[in-house]
Structures are given as C-alpha cells and as structure tokens.
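What follows is one structure encoded as structure tokens, with my remarks underneath.
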Amino acid sequence: MSGLAARFRALWDEIAPVGRDEGSGGYLRYALTGPELRLREWFRAQADRRGMPVTDDGNGNLFARWGDPEAGDAVLTGSHFDSVPHGGAYDGPLGIVSAFLAVDELRAAGVAPTRPVVVGAFVEEEGARFGVPCLGSRLLAGEIAVERAAGLRDAGGVSFAEALGARPAGARPELLGGFAAFVELHVEQGRAMVDAGAPVGVASAIWPHGRWRFEFTGEGNHAGTTRMADRRDPMLTYAFTVLAANKEARLRGAHATVGRVAVEPNATNAIPSRVTGWLDARAAEPETLTGLVDAVRAKAAERARRDGTELALTEESATPLVSFDGGLADRLATLLDAPVLPTGAGHDAGVLAAHLPTAMLFVRNPTGVSHSPAESASDADCAAGVTALARVLEELACRR
C-alpha cells in the first residue's frame, strides 16, 4: 500500500463506523441526526488540526478555509456526509476526506495557495430526511424559498428549522460570490470507469431529474367483507402506476424508480384508504423527462377513474439538465488525462453549476453499485482521486 493510500485508510477509518448499521452493513446518516452531527464535529476537528477556520452559512453548510480569510476568488471543494437509508460508505464522505487529504498533499509539497481553498460539507444532499435533495446548496444559492425549506418535515414530524436550531438563512450571495470555482470529487455511481480501465474521471453533465409524489385516495374497508366489485382500492391504482412508470421509462431510454411508499392504515386485513408513492425520474434530455412524467400521470389518472380512486400529483423537486463548464471540464480532463462521462445522479455540484464554474471528479467504483452497502472503492483508487484533486486545486488555486 502506498503512503498516500495508507494515509487515506487511516483517515477513512476514523469515520467508517459512524452511523453504520450492523444488520445491513449500510449507513443511516440522516441529515442533522446523531451520526451526521458526529461527522460534522469530525469535520471541525480536522479543520482545526490544519488551522483552517470553519464557518456555518446559516443553512447548515460548513466551510473550512485554507488561505487568506479576507480574499475572494476561492476554490471550493468537498461534498456531503448524509446518506440514503442503508446507503454506501463512499457517496458523499469520500469528497470531504479527499479534500482534506489534498490540502495535506499540497502543503507537504510546499505549495501555497494564491487564492483560498475552501472545503465544504453540504447538508441534506440526499433528501432522505426532509424530502428535498441538495437542500443546503439550494438554500445557499437561493433556489428554494426559506419558508418552504424551514417547514419541511421528516417522518417524525420534526421540521428542518427545528433540526437546524434556527430559521435557515437562505441565499448568501456574498458567500457564493466569493467562490471562483467548485470541484466536487465523488465515487462513481455506475460502471463506466470500470469499463474504461480508469481510476479517475471527469463529469460532463448531469441528467435532468426530479421527484414526484403520487397520492392515491380510495375507500378504506374490511378485507374480508368487502366484495371485489365494491372496492375503491388505491393500492391497485398505485401498483398499475409503478408498472406504467417502468414501461414508459424503458420505451424512452430513461430511468423511473418508485422506491418509497406509504400506506394508510397499513393493516394486513384492511383495504387501504390512501397510498402515496414517490417517483424518481431521470432522462438524458429535458423533453424526454417531461414526456415520461406526463405519460405516467396520464396513465395513473386513467387507471384511477377505472378504480374509483382519486389522484393528486405534486412535484417535490426538479433539476434541469446540468452541463458542467465545458472549458473547465476539458481543462481538467487534459490535466489528469482522464475520461469524460455524463451521470444520471444528482449532486450539489449540479445546483452550484448555475452560479459558478463547476466540475466533478469521479473515483472508480468496481461494483458499479451505489446507494447500497455494495458500493465500494479501493484505497489505491481513492489515493489516485486525492492526487487528482490535489493537482486540480494546485492548478486552480495555487497559480495565477
């Protein structure tokens, strides 16, 4: 194991046990809950160890600065700590651990920043607790109303404002305007780099994507005494909609997933009165995504009429096609001699790309699996990611 790979492993092992579920092997690091708060304290300790002052933007996002605290044109890097339920270890934290190690590498080489380097940890990127992905970066960029964000509630009824301990600050143009670029390192969520035989890649674009809540309402009744002909069962409408989403996505070369459902009253011997399902839809082109959601909506509405149920559809979040700064992506791909590839996964980089030059680096994932305990990356590839990020930060922040 190389020296850098060993240093990566040592730092990684400090956070690896935090929030890990012994049963599944996955992680339960919901935003602003105990495990994620422990990681935020770890972030502050790492920054303090390196003499990097930490600020909180009032939205739950943390920033540790290396360089002149008054200087602008800073280069931002980092990612997030929170996970999806029983998610993998690398999605998010890899970008933060790698950022601190990249700073260490530059310092060890005697390289000093001519513009500040800022390591960021964004809150609620996955949207697993409060339902809106990239909530922290959306607030920072002013892409979600403070009132809406403050009132978002988790499954236990706790609001985002309550979890944060204050009303979120919302847009911070003076802070965002102090960044000249953002580079997010992330584990690859697919197999493209395995097939390419490359440990590190550069992102070209993020597919447009969003989340839609389908609420099907019917008539709750007894499972044993209600004739089949008399039923107004929203579960049937829901089940048909899941199959319709799958079919429509396949026909369009898009992605559709219904991975979350809530049933009322959720009793084995009761016909449901309400079924709520959440559709995650993604496509390479905006028109394809719109066509997919419209087709699923139409089929669900037609089935609801046949089942005697009612449908309410709510868009919870939508992210347009994100094409990363072409000049920056090409520059980094040339610098690193790395492949360029698109991704169907959303990231804070996708939000910030509308406000400042933004790029993403991917580290190879040999399983190609993400949002699952099977997600992985070798220490050698993670070290290669640190080296690549250090080269990028040297190029962007240590030269004029």
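Worth a mention:
- Protein accessible area in segment 228-299, 1.4 Å probe - carbon and sulfur %: 54 percent
- For segment 165-204, the share of accessible area belonging to carbon and sulfur comes to 55 percent (1.4 Å probe, ligands and nucleic acids excluded).
- In terms of the mean number of neighbouring beta-carbon atoms within 10 Å, the peptides 258-271, 278-291 order highest first as 278-291, 258-271.
- Bins of 10 Å from zero: percent of alpha-carbon pairs in segment 352-400: 22, 37, 32, 10, 0
- Per-residue SASA entry for HIS355, accessible area with 1.4 Å probe, Å² rounded to 10: 80 Å²
- Only Cα pairs under 8 Å and 6+ residues apart enter the sum, and on that basis the relative contact order of segment 197-328 stands at 43 percent.
- The chain: relative contact order as a whole-number percent, Cα under 8 Å and 6+ apart: 23 percent
- Per residue accessible area of the chain, 1.4 Å probe, in Å²: 41 Å²
- Rounded tilt (10° steps) of 93-108 against the dominant C-alpha axis of the chain: 0 degrees
- Centroid-to-centroid separation of segment 120-153 and segment 11-25 [C-alpha atoms, Å]: 25 Å
- For a label point 7 Å along the Cα-to-beta-carbon line of THR226, residues of segment 252-295 with backbone N under 16 Å: 263-276
- Packing-based ranking of 182-192, 88-98, 47-57 yields 88-98, 182-192, 47-57, ordered from highest to lowest mean Cβ neighbour count within 10 Å.
- Angle between the chain longest axis and helix 3-15 axis [Cα atoms, degrees, rounded to 10]: 40 degrees
- In degrees, nearest ten, helix 234-252 long axis to first principal axis of the chain (Cα): 50 degrees
The values are calculated or read from the model by the stated rules, or taken from the named source; none is laboratory data. Computed from a predicted structure; not experimentally measured. Don't worry about glycine lacking a Cβ; one is built from the backbone with ideal geometry, like all the others, and counts go over all protein chains shown. Heads up: the accessible areas ignore ligands, DNA and RNA and are worked out on the full protein's heavy atoms, side chains in. Shrake-Rupley method; radii C 1.70, N 1.55, O 1.52, S 1.80 Å.
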